[in-house]
Amino acid sequence: MKLFLDSANLEEIREVASWGVLDGVTTNPSLCSKESVTFEDNIRAICALTPGPVSAECVSLEADEIVVEARSLARIAPNVAIKIPIGVEGLKATKALHAEGIAVNMTLVFSTGQALLAAKAGARFVSPFIGRLDDIAEDGMALVEEIVQVFENYRLETEVIVASVRHPRHVIDAARLGADIATVPYGVMAKLVRHPLTDIGVERFLADWRKVKK
Ligand code: E4P
C-alpha cells in the first residue's frame, strides 16, 4: 500500500520523506490555511520534496472554472494532482481534465455511488473520508471495503485513497482491505512507527550491552 502524508507543512513532509516511506502528499484548503507561505509557493515546494503525486484542491464551483483553475495548478509541477469535490460540476470537469491527461483526485467522497461515478468520469484517485463518517457514527471502513470491491469487480484503474484517517488502526484496516493508498496525518504517521515494547526492548538491550565484556 502506498502511504501519502495528509499535510501542507514542509517540515512534516521533509521529515517523513527522510524515513523513506513517503509516496505522495494530499493537501486541502484547511491544511493550507495553517501555513504562512502563499498557496502556490507552498504547493511548488511540496512537489519538489515529494516523489509522487501532490494533491492541490480547486475551489471553483462551475465546471468551466474548475478546468481553468486546475490547468493553472497543474502547471505548478508535473506531479500535481487536482483535488475536486464530487458533484455534477466536478464530474464534468474531471472528464475534461482526464482527456487532457491531468490527474484528478475526486474528494469528499462519502458513498460508493459517488466513487463509481468519479471513476467512470476518469478520476485517477477517489478519496473516501472515513474519519468524518465514523464521527457521525457511520462505518467509514465499510465504505472503503465496498468501493475496493466494486473497483475490483470492473477492474477500474482509479486508485482508492483512504482519507480522513484518525488513528493507526485506520491505516492497518485499509491495508487489509486492499485499498491502494492511505493518506495519513503526521501525528498518525508518528504513532505508526512507535510501539512501547520496541522502546522497552531497545532500553533493555542497551542496558545489557553495557555489561558485555569488550
Ligand atoms: C484528504 O485528502 C483530506 O485532506 C483529509 O484526509 C481530510 O481529513 P479530515 O477529516 O481530518 O479533515
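What follows draws every value from the coordinates through simple rules; no lab data is involved. Treat the numbers as computed from the prediction; the structure is a model and nothing was measured. Here the Cβ positions follow ideal geometry from the backbone for every residue, glycine too, while neighbour counts run over all protein chains shown.
Here Ala175 fulfils each of the conditions (1) within 16 Å of the ligand (Cβ to nearest atom); (2) touching a residue at least 60 places away in the same chain (Cβ under 8 Å) apart from (1). Residues of segment 70-104 that are surrounded by fewer than 14 Cβ atoms within 10 Å (Cβ to Cβ) and among the aliphatic types (A, V, I, L, M): Val88, Ala99.
Within segment 121-155, the set of residues being away from the ligand (no atom under 16 Å from the Cβ) and among the small types (Gly, Ala, Ser) comprises Ala121, Gly122, Ala142. Restricting attention to segment 122-150, which residues are part of a loop (DSSP other than H, G, I, E, B) and among the charged types (D, E, K, R)? Correct list: Arg124, Glu138, Asp139. The lone criterion from (1) surrounded by fewer than 19 Cβ atoms within 10 Å (Cβ to Cβ); (2) under 18 Å from Pro53 (Cα atoms) left unmet by Ser111 is number (2).
Residues being closer than 20 Å to Arg166 by Cβ, in contact with a Phe, Trp or Tyr (Cβ under 7 Å, 6 or more places away or on another chain) and of a type outside the set (Asp, Glu) are entirely absent from segment 61-84.
Residues in segment 94-120 that are assigned to a helix (DSSP H, G or I) and either within 16 Å of the ligand (Cβ to nearest atom) or in contact with a strand residue (DSSP E or B) (Cβ under 6 Å, 6 or more places away or on another chain) (or both): Thr94, Leu97, Gln114, Ala115, Ala118.
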